[in-house]
Every structure is written in C-alpha cells, then in structure tokens.
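The structure appears below as structure tokens.
The values are calculated or read from the model by the stated rules, or taken from the named source; none is laboratory data. Computed from a predicted structure; not experimentally measured. Cβ: placed from backbone, ideal geometry, glycine included. Neighbour counts: every protein chain shown.
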Amino acid sequence: MTVTKLTFYDRIDNALSHPEKQLAISAGAKAKYINRANAMAEFQDMEMTRQLARQVRANTLSKLDLYLEQFADNVETLGGKIFWAKDADECNNYIHQLAVRHNVKLIAKSKSMLTEEIDLNDSLGHANIEVVETDLGEFIVQLSNDRPSHIIAPVLHMTREDVGTIFNENLNVPFTTDPSELNTIAREHMRHIFLNADMGISGVNFGVAESGSICLVTNEGNGRLISTTPRIHVAIMGMERIVPTLTDLNTMLQLLARSATGQKLTVYNNIITGPKRTNELDGPDELHIIIIDNGRSNILASSLSEILYCIRCGACLNACPVFQSIGGHAYGSVYPGPVGSILSPLLFGNHFDPLPHASSLCGACKEVCPVDIDLPSLLIKLRTQNIQKGSAPLWMQISQWIYAVTICNPILFQIFLQLAQTITNRFSQKGWITKLPGPLKNWTNQRDFPALAQKSFRQMWSSNKE
Amino acid sequence: MQRNQFVKTVRRSINLNDLPTINSLPIKNKLGNITNRATLIKQFVHEANAVKCHTHLVNDHEIAMDTILNLLSDQPNKKYMSWDDKWLPIPNFNTILKNLKYEHCNNYIPQDREKRQSTYKHLEQACIGITGCSAGLADTGSIILESQAGQGRLCSLLVPIHVALITSNQIYPTMGSYLSDKSDNVTRSSNCNIITGPSRTSDITQTLTLGIHGPGTLHIVIIDN
C-alpha cells in the first residue's frame, strides 16, 4: 500500500479543516449505524447467531491449514486454478503474467479492499493494462484520483455536488446532482467496460472449504457481471476468508448484510463453484483464485490473531466516534476505523503505530461487531506493544514511566495527589476547568476538565475514623 | 509460492499461537417456524415487496402468461432473453412467444473473442429476461437461481427488467431450510445466486437508487394452483 508521508496528527488536522466533508462523513456513518441497529433489532436470536458466527471464525482459524487444503483441492477438481501468493508482488506478478499471456487490454474490477492493500491497479497500470473499477463508489474514487474513505461506502466523504463535478469533468456529461441521473450515467458508461473486458477481477467475501465455492456479495450486480462476461475471472482471497460449510456461509451472509447496510440480505449473494461447465451457456472459461498471505500468517501467530475473525462489514467504523469525526482518510490506510487501527500497524508497519491510540476505548465497536471481536482489548494490546518497543511518542513514554513509578509508591502517590488537588482546584470554577494552558488547550476547546474532589477518599476515611 | 510451503507457514503460525481447537460446532440450519403454505406465500410476498420487487400472485400458468405478455407489450422492442422451457413453470413458454412474433435472443456465449462481443451486443438489445427459480425464501423475499444448461446467467443480469417465475411449492421459510433440504443444488452448477430485490446502490450520499448494473426492475410471478 502506498503510504503518505504526513503524520497521523497532520492527517487529522487536514480532516478537521474540511467541515463539509466532516458533515458528510458523520451523517453517513450515523445513518448506517441506525440502519444496522434497526435490522438487528428485528433479527431473531441475534446474540446467539453472533456467538455462533464467532465460533465459526475461531474454528476456521484454528484449523486454517486443513481448510485451505480442502478448499484448494475442491477448486482444482472443478477445473479452477489456485495460486498461492506470499505477498503483494507475487500476486500482482501472477495477474500481470496471466494478462499478458491472454493478451488482455481491459480489466473490469469489482470492489475489493484487498486489491487496494496490494496496489493492484497501479501495478497493472504500469504495464499499460487498463483497469476500471465498476463499483459506483470505487469508480468515482478512481475518476477523481482519490482514495476510498470507508470499506463499504468508498465515497462517504463526498457530497452530490462533488460527484456531479467529477462526472462532468471526466465523462463529458452535463453537470447534475441528482443521484439517479448520476447512476444512469455510470451504468451507461460501464456497460461498454463489462462487455468488452477480457478479464474480471474481484475479491472474495467467503471461500467455502467443503465445496470449493467462493461467494461475492454486491448490491449493484457488478460482482456478477465481472464474474460472468469476461473470459477470465480472477478472484483474490485473503487466506483467512474461509468458512468450512455452506451452512456457515449462510450464517455469515445474514450477519454481514445486516451489519454492513441494515439489509436482511445483500441483493446478490453470488456463489461461484468453479469455472463455466461444458454444457452451460455463459460464464468465464477460466477461474483463477489467488490465496494471499501478505502478513496474515504473522498476525495469526501473534496474540492479536482475533482480528482475523473480521468479515469486513464496516459496522465498527460507523459506530466509532473517532471515525465519525475524522473520517477514513485521516487513518492513512485502506483499512480505517477501529479494525483498521489494529490491522494497519500489523500489515503495513511502524508508520501506523499511532493509530491504536486514536480511540476512547468506549467499546461501541465491540458492541456492533458481528463476530464479537474484542476490539478495545486488541487496541490496548497494541498500545502496550508500542510502549514496549519504544515507538510511542517520547512524552507518552515519559509520562507512562512517571505514572508507573508513582502508582507503585504510596508516598509519591500521596504527594502527587495533593499537588493535583491543589492545582486543579485553584484553576477551576465550580469544580470545572474551562481553559488549560499551552498544548493542553486543545482538550478544553471542546469540553471542560473536571477538578479533583476537594477532599480525597483517603482524607475522608481518616477524618471519619477520628 | 508453493502450496506446501504456504500451508506449512500457516500451520506454524497456528502452532505458535496455540489457538484453541474447536471440534464440534453447535451450528444448525435455522428452519423457521412457519409450515402453513398460505402464510409462507404471504410472508414471501410481503418481504419481496419490502425490497422493492413487484410481485404477482396468480392462480394458474395461463394468468401468469398473461402477466408476462402484459409486461412485454410495454417494451420498446420485441426482443427478450429466457431460460429453456424445461426450467420454466409455463408449458411451451418460448413457443407461445415465438408464435406472437417475439424474438428470443440466444444467450449461448462462444469462446472466440470477436464472436463473444458481437453476441453481447446483440443480447444487450433484449428488454426483458425471463427465468424460473430453484427456490424462494420467505423470510427475506429472496429467489435462488442456478446456471445449469439452459439456465443462462445473463437472463437475470444483462436486462433492465428481470421476470422470475416461481411456483408456490418452491417457497422455503428460510435459507437454512433450503440448505438442509437441497444444499447440493447450490453447488451443482458453476453459479448460484441468491437474489434479494433489484440491483441498487446508496453510494452517493446514502441515497437509494435502483438499477445500477443489474436489472433495475424485478418482477416475481408466483403461481399458486
């Protein structure tokens, strides 16, 4: 993934300096949050299903090697090809060579965060192969050279006017802000791409071990088109995306749709079992499934492996008060929000170490997660690791050290407590400090800081004793 | 990377992590508690309408045929795509349409690049795609379509209007109940789709619009005799 040079704090400042984007993001995220809540409220046995889904994910990861082999055997029996890619380069090279071998000039692609992770479009672009994003949101992102700001709704940060302008400037059409007209423009433009592409590329929502099927989930139908009209279909799957059986797949699909968009089921749950068979009318002649590691086996070996339960529904993004304020771009990663704050440092390295600190640990993410990932605990684990390896900012390391020493020593603790009591009460009005000095003033810009109680518990205890 | 090397890395990670192995999963198919046929149909119709399908509940295949002819007569041309008669609950469906001078677009897609593209060009002119169903799901208003010989995928994909024919005995309470009865059917062809409503997107400012890449209109004709 291309990494920006800006620090996390710069990116946040950037995000906060665009109030219109901020409004679009927080309205969009909140709408999705409410849709999800409504859909879950009418879901019978929701909590039980969620815990079952969690067990399915835990079971799958604990025997992932066996399931991967079973999946691959089944795909190969059906006439599909499996390629095992260690990292982004191996995956991109395979697709490049395949495209060259078949003289592919145009590729239609459905939305996949994994392909963003491995920079597939850039890699193919360098080789003069045209790749067109067919998901409406991703298409707009591609036209405007932007980046997706949400894993489910790539243009959450854009207004209608933004989209109208982008279409007007890039597609030679009159300016409009009507979503349904914009839709029609995109549909007409994209038809040509679907019917002329020589290769379709997609991600994989779930791979089913028992049958060698892959499931692509789309509302627009682009996932169906790119896996039907081109002669070759290439599906790229993160190695953890396996479910053992069709029954498990069903459980996941019910939760995924409700969590992502508040639908009972996504419009098209497209289950693909091998390439087109001899007597069938339409479909791709070749199916290539690339199973990619790209750092996942390291996560699997770590104490943070629970993050691999994730089914990429985006519910934790919508629920997160930090995401609602700063939006996806500020995270600087293809995976934003709570899940991204954990995945990004693990997949993309030190540059993303500050991300886990951008959380109030309120637990809203865990509450909405369809597989009940304990995101707050994982965030704390990552913070601990950051301190231990010394990658946290110096001021944080020093204050952590002071805190650790103080809390372990009753006399020091007493002294600091008295000091804090005196100082905070001196500067407070009616128990609240409304203005802090220097760099601390950011804190009191939005809210007041409570002063410590006039009398501490210890003081009350000893005075009561007397 | 070689398969065995890849799998070995995964195995090593699992061993390092000491993940708990969970052997038996209590997961079962949710069967739903409705068994009464009339209630099932009612729920199916209600849920399908809720996801913006147009449902037509009819008593026999003749009225079903009339419904389809009505839809066809509103179209700008007489071209349509459909599954083979074998897969449709109306007998001699394609022959009837042929006698009425409707043109069935052949949706066999050849391997050759040029021929393939000219076929697509031709198929794009079809106004309506008519298919049967493997099943309907009452709790979500979904229909399930396979892609065996004579059941082209494009009939429910390339056209602006998709008409799906279903008989009332094909309606299951939930996906779980379908899977526990017919799970092999899901994987017996290269493609099985669980379709819930017409194609849609809310990408632009969370405003729902229908018909982005797939059909924008989905009619479900339920034959209950």
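Take the residues in segment B:121-141 that are facing chain A (nearest Cβ under 9 Å) and in a loop (DSSP other than H, G, I, E, B); name whichever of them is farthest from the chain's Cα centre (by Cα).
B:E124
When the residues of segment B:72-102 are filtered to those that are among the hydrophobic types (A, V, I, L, M, F, W, C) and touching a Cys at 6+ places or on another chain (Cβ under 7 Å), which remaining residue is surrounded by the fewest Cβ atoms within 10 Å (Cβ to Cβ)?
Ranking the qualifying residues of segment B:72-102, first place goes to B:M81.
Away from every other protein chain (no Cβ under 11 Å), surrounded by fewer than 22 Cβ atoms within 10 Å (Cβ to Cβ) and touching an Asp or Glu at 6+ places or on another chain (Cβ under 9 Å) - does that describe any residue in segment A:184-200?
So far as segment A:184-200 goes, no, none of its residues is away from every other protein chain (no Cβ under 11 Å), surrounded by fewer than 22 Cβ atoms within 10 Å (Cβ to Cβ) and touching an Asp or Glu at 6+ places or on another chain (Cβ under 9 Å).
Only one residue in B:N33, B:N77 is in contact (Cβ under 8 Å) with a residue 12 or more places away in the chain, more than 23 Å from the chain's Cα centre (by Cα), within 13 Å of another protein chain (Cβ to nearest Cβ) and part of a loop (DSSP other than H, G, I, E, B). Which one?
B:N33
I'm trying to understand the selection: among the residues of segment B:199-225, which are within 30 Å of A:G212 (Cβ to Cβ) and under 14 Å from the mean Cα position of the chain (by Cα)?
B:S199, B:G214, B:P215, B:L218
What are the pairs with Cβ atoms under 8 angstrom where one residue, in segment B:48-71, is loosely packed, with under 15 Cβ neighbours inside 10 Å and the other, located anywhere, is part of a helix (DSSP H, G or I)? Sequence gap at least six, or different chains.
none
Taking the condition out of contact with any helix residue (DSSP H, G or I) (no Cβ under 8 Å at 6 or more places or on another chain), of a type in the set (S, T, Y) and part of a helix (DSSP H, G or I), does A:T406 pass?
The answer is no for A:T406.
Quick one: how many residues across segment A:207-230 are assigned to a loop (DSSP other than H, G, I, E, B) and at the interface with chain B (Cβ under 7 Å from one of its Cβ atoms)?
Final tally of qualifying residues: 6.
Looking only at segment A:391-408, which residues are exposed (fewer than 13 other Cβ atoms within 10 Å of the Cβ), farther than 19 Å from A:P356 by Cα and not small (G, A, S)?
Within segment A:391-408, A:W401, A:I402, A:Y403, A:V405, A:I407, A:C408 meet the criteria.
Conditions: (1) within 10 Å of chain B (Cβ to nearest Cβ); (2) over 30 Å from B:N185 (Cβ atoms). A:S149 meets all but one. Number of the miss?
Only one criterion is unmet by A:S149, namely (1).
With the requirement that a residue be among the charged types (D, E, K, R), in contact (Cβ under 8 Å) with a residue 40 or more places away in the chain and more than 8 Å from every other protein chain (Cβ to nearest Cβ), what does segment A:231-250 give you?
Hit for segment A:231-250 is A:E240, nothing else.
Please verify whether segment A:134-142 includes one or more residues that are surrounded by fewer than 18 Cβ atoms within 10 Å (Cβ to Cβ) and not assigned by TED's automatic domain parsing to the domain that holds A:I326.
Checked against the condition, which is being surrounded by fewer than 18 Cβ atoms within 10 Å (Cβ to Cβ) and not assigned by TED's automatic domain parsing to the domain that holds A:I326, segment A:134-142 yields no hits at all.
Looking only at segment A:183-194, decide whether some residue is among the β-branched types (V, I, T) and touching a helix residue (DSSP H, G or I) at 6+ places or on another chain (Cβ under 8 Å).
Yes, that holds for at least one residue.
Within segment A:269-295, restricting attention to residues that are facing another protein chain (nearest Cβ under 10 Å) and under 23 Å from B:K8 (Cβ atoms), which residue is surrounded by the most Cβ atoms within 10 Å (Cβ to Cβ)?
A:I291
Considering only segment A:45-65, state which residues are out of contact with any helix residue (DSSP H, G or I) (no Cβ under 8 Å at 6 or more places or on another chain), free of Cβ contacts under 8 Å to residues at least 40 places away in the same chain and more than 7 Å from chain B (Cβ to nearest Cβ).
Listed by number, the residues that qualify are A:D45, A:E47, A:M48.
Taking the residues in segment A:346-390 that are among the polar types (S, T, N, Q) and out of contact with any helix residue (DSSP H, G or I) (no Cβ under 6 Å at 6 or more places or on another chain) as candidates, determine which candidate is surrounded by the most Cβ atoms within 10 Å (Cβ to Cβ).
Ranking the qualifying residues of segment A:346-390, first place goes to A:N386.
Mind counting the residues in segment A:5-40 that are among the hydroxyl-bearing types (S, T, Y) and either surrounded by 13 or more Cβ atoms within 10 Å (Cβ to Cβ) or within 14 Å of chain B (Cβ to nearest Cβ) (or both)?
2
Across segment A:256-268, which residue is farthest from B:K30 (Cα to Cα) among those that are surrounded by 23 or more Cβ atoms within 10 Å (Cβ to Cβ) and more than 8 Å from every other protein chain (Cβ to nearest Cβ)?
Top of the filtered list is A:A260.
Kindly indicate which of A:I226, A:I214, A:I232 is out of contact with any Lys or Arg (no Cβ under 9 Å at 6 or more places or on another chain) and in the same structural domain as A:I290 (by TED's automatic domain parsing).
A:I232
Only one of these is at pLDDT below 95 and more than 22 Å from the chain's Cα centre (by Cα): A:E69, A:E20. Name it.
On inspection, the qualifying residue turns out to be A:E20.
So A:S17 fits all but one of (1) in contact with a Gly (Cβ under 8 Å, 6 or more places away or on another chain); (2) more than 28 Å from A:I291 (Cβ to Cβ); what number is the exception?
Evaluating A:S17 over (1) in contact with a Gly (Cβ under 8 Å, 6 or more places away or on another chain); (2) more than 28 Å from A:I291 (Cβ to Cβ) leaves (1) as the failure.
Being in contact (Cβ under 8 Å) with a residue 60 or more places away in the chain, more than 24 Å from A:D178 (Cα to Cα), at the interface with another protein chain (Cβ under 9 Å from one of its Cβ atoms) and of a type outside the set (V, I, T) is true for just one of B:G197, B:G176. Which residue is that?
B:G176
Pairs please, first residue from segment A:67-82 and within 9 Å of chain B (Cβ to nearest Cβ), second anywhere and assigned to a helix (DSSP H, G or I) and at pLDDT below 95, Cβ atoms under 7 Å, 6+ apart in sequence or on different chains.
The qualifying pairs do not exist here.
Restricting to segment B:80-114, what's the tally of residues that are more than 19 Å from the chain's Cα centre (by Cα) and of a type in the set (D, E, K, R)?
Number of matching residues: 6.
Which residue, of A:L417, A:L412, is assigned to a helix (DSSP H, G or I), surrounded by 11 or more Cβ atoms within 10 Å (Cβ to Cβ), in contact (Cβ under 8 Å) with a residue 12 or more places away in the chain and among the hydrophobic types (A, V, I, L, M, F, W, C)?
The conditions single out A:L417.
Is it true that A:A99 is more than 9 Å from chain B (Cβ to nearest Cβ) and closer than 23 Å to A:I166 by Cα?
No: the conditions fail for A:A99.
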